[in-house]
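**Q** This is the structure I want to talk about, given as structure tokens.
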Amino acid sequence: MTSTSKICHDLKEEGISVVVHILSNCEVPKGGVITEEGILDNTIYASTMCMVSGTYYYHIYDCRQITAIHLFDENLDSEEIKTYPFLCKQKIFYEN
């Protein structure tokens, strides 16, 4: 990776991180809303997309790891629905 492409990559990752932080201000925590049926409602996921690269970024409520899917690498005209598994388990990095 050249130094210029590394700078662009780092800026893109920083931008995605900023957007996710902004979206987190609108999240409903589990139990923040209780439906008429008594179900604890919450924000299931947050997402954003880069329209230039066709990359869709998201994280789910139970896993804050940001996942990226490069949609332009897929056949967007296909009649078949493409699905991806959620990373449902939070990964914790232990320093020691």
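The values are calculated or read from the model by the stated rules, or taken from the named source; none is laboratory data. What you are looking at is a predicted structure, and each value in this text was computed from that prediction instead of being measured. Using ideal geometry, Cβ is built from the backbone for each residue, glycine included, and neighbour counts are taken over all protein chains shown.
**Q** Kindly provide the set of residues from the range 62-86 that are in contact with a Phe, Trp or Tyr (Cβ under 7 Å, 6 or more places away or on another chain) and within 28 Å of Lys30 (Cβ to Cβ), ordered by number.
**A** Ile66, Thr67, Ala68, Ile69
**Q** When the residues of the range 38-92 are narrowed to those that are of a type in the set (A, V, I, L, M) and assigned to a loop (DSSP other than H, G, I, E, B), which ends up farthest from the chain's Cα centre (by Cα)?
**A** Once the filter is applied, the top-ranked residue is Ile39.
**Q** Can you say whether Gly31 is assigned to a loop (DSSP other than H, G, I, E, B), of a type outside the set (A, V, I, L, M, F, W, C), modelled with pLDDT under 90 and at positive phi, as far as the supplied structure shows?
**A** yes
**Q** Filter the range 43-71 down to the residues that are polar (S, T, N, Q) and exposed (fewer than 14 other Cβ atoms within 10 Å of the Cβ) and list them by number.
**A** Ser53, Gln65
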